[in-house]
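Before any comments, here is the structure.
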Amino acid sequence: MEPASAPSADLQAPRERRRADVATFGSLLADPSATVQREVRRELERRGKPARTILLGVARRGEARARAAARAVLLRQARQSVVRRMVRLACSPYADFERGVLLLSRFEEPGLDLRPYLLAIDAMAAEVLRRVETRRDLDGRAKVLTDYLGRELGYRGDESDYHHPDNVYLHRAILRKRGLPLTLTALYLLVARRAGIRAGAVALPGHVVLRIYAQDERSLLVDPFRGGAVLTERECLAYLAQHGLPFQPRWFDDAAGLPLWRRQVHNLREAYRQRGLESESALLEPLDLALARSASG
């Protein structure tokens, strides 16, 4: 029996080069100099897709500082990929608020499986639908929705750390039962629509609320941030006056999907800026611009 032949030099060379690149970039990524880090990232970006193999090698085998730096670069690249996907959606005829706000969750965690969160929304809607089948009046249907989501499940606004990114991401709000006004209104809206309740989002300046309709076009406003509390016209006018805003009828129209998605992107950018994460906020700028063009077109 003949001995197995050794790998040829032609096969070994690429492997050796990869090992050498991992060692070299591992050393550079461990360097504390901001200038070195900037130049290393620039070189990795220049190399394109092959750089991912190097970064994965460093993330697995480098020293602690290099591993952390490599993972940060990989996360940034993954987030850039998510933003490109969202830009394509924003520019397509299939763009809508639900798809946009769900896909935005992948900016935090690019590999996020959204199916469990969609199933959670579906399950909430099924329970609301079961309860509203005998309630045809507007007040009764609204009360079923707000009692279930706001009182029973406990969804309400996060007033202790309002600008935390977790309050923007819909998947985090579903888990934490806390969020910004628009995030919670989005949840109420998705549940209501699946349960056959006609509803829309009303984008007041600085605060988004939910409008629930009756079959005869009567409607009422509820505030998911306050656990689904019903809002009177007087309370809405008092809110505007408190913030020095004159009444404008257009503020009480149902908001379109793309402007709502853009408003949520603004919320996320502001959340990152509040924490000094300007680079994360800047990554979302192409999406912001794409949504502005699509909404105006």
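Bear in mind that the values in this text are calculations on the coordinates, not laboratory data. Keep in mind it's a predicted model, so treat the numbers as computed, not measured. Using ideal geometry, Cβ is built from the backbone for each residue, glycine included, and neighbour counts are taken over all protein chains shown.
A compact table of results
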{"item": "222 nm mean residue ellipticity, helices alone, for the chain (DSSP H n ≥ 4; -39,500 (n - 2.57); rounded to 500)", "result": "-19500 deg cm²/dmol"}
{"item": "Per DSSP, loop chymotrypsin sites (Phe, Trp or Tyr not before Pro) in segment 209-297 with at most 15 further Cβ within 10 Å", "result": "Phe247"}
{"item": "DSSP loop GluC sites (Glu not before Pro) with at most 16 other Cβ within 10 Å: longest gap in the chain", "result": "218-297"}
{"item": "37 °C / 0.692 mPa s Stokes-Einstein diffusion coefficient of segment 9-83, Kirkwood radius on C-alpha pairs, µm²/s", "result": "262 µm²/s"}
{"item": "Charge dipole (debye, nearest 20) of segment 9-83; +1 at Cβ of Lys and Arg, -1 at Cβ of Asp and Glu", "result": "300 debye"}
{"item": "Cα gyration tensor category, rounded, prolate or oblate, for segment 189-297 with a/c compared to 1.5", "result": "prolate"}
{"item": "The chain: relative contact order as a whole-number percent, Cα under 8 Å and 6+ apart", "result": "16 percent"}
{"item": "Using alpha-carbon coordinates, inclination of helix 181-194 to the longest axis of the chain, degrees", "result": "70 degrees"}
{"item": "Residues of segment 130-152 with amide N under 18 Å of the 7 Å Cα→Cβ point at Gln215", "result": "130-144"}
{"item": "Exposed trypsin sites (Lys or Arg not before Pro) absent: longest stretch of the chain, with sites in DSSP loops and at most 11 other Cβ within 10 Å deemed exposed", "result": "1-135"}
{"item": "Only Lys, Arg (+1) and Asp, Glu (-1) charged, at Cβ; segment 142-297 dipole about Cα centre in debye", "result": "300 debye"}
{"item": "Entry for P(r) over Cα pairs in 5 Å bins from 0, in percent (calculated from the structure that is shown) out of (i) 1, 5, 10, 13, 15, 15, 14, 12, 8, 5, 2, 0, 0; (ii) 1, 5, 11, 14, 17, 16, 13, 9, 5, 3, 2, 2, 2, 1, 0, 0, 0; (iii) 1, 5, 10, 13, 14, 13, 11, 8, 6, 5, 5, 4, 2, 2, 1, 1, 0, 0, 0", "result": "(iii)"}
{"item": "Tail weight of P(r) past 15 Å, computed on alpha-carbon pairs of segment 244-297, percent", "result": "56 percent"}
{"item": "Given charges at Cβ of Lys, Arg, Asp, Glu: the chain dipole, positive-most of Tyr188, Ala173, Gly206", "result": "Ala173"}
{"item": "Computed lengthening from Ala256 to Arg234, 0.36 nm per intervening residue step minus Cα-Cα distance", "result": "5.5 nm"}
{"item": "Simple Cβ-charge dipole of the chain, Lys/Arg +1 and Asp/Glu -1, about Cα centre, in debye nearest 20", "result": "660 debye"}
{"item": "Which of Thr146, Thr35, Thr183 has the fewest Cβ neighbours within 10 Å, and the rest in rising order", "result": "Thr35, Thr146, Thr183"}
{"item": "Candidates per chymotrypsin sites (Phe, Trp or Tyr not before Pro) in segment 99-207, loop by DSSP, up to 16 other Cβ within 10 Å", "result": "Tyr162"}
{"item": "Lys/Arg +1, Asp/Glu -1 at C-beta; segment 206-297 dipole; positive extreme among Leu283, Gly244, Phe225", "result": "Leu283"}
{"item": "Values of log10 I(q)/I(0), in the order q = 0.14, 0.18, 0.22 Å⁻¹, for segment 58-194 under a Debye, Cα-only, solvent-free model", "result": "-0.76, -1.05, -1.28"}
{"item": "Equivalent ellipsoid semi-axes - Cα gyration tensor, segment 98-172, angstrom", "result": "27, 17, 9"}
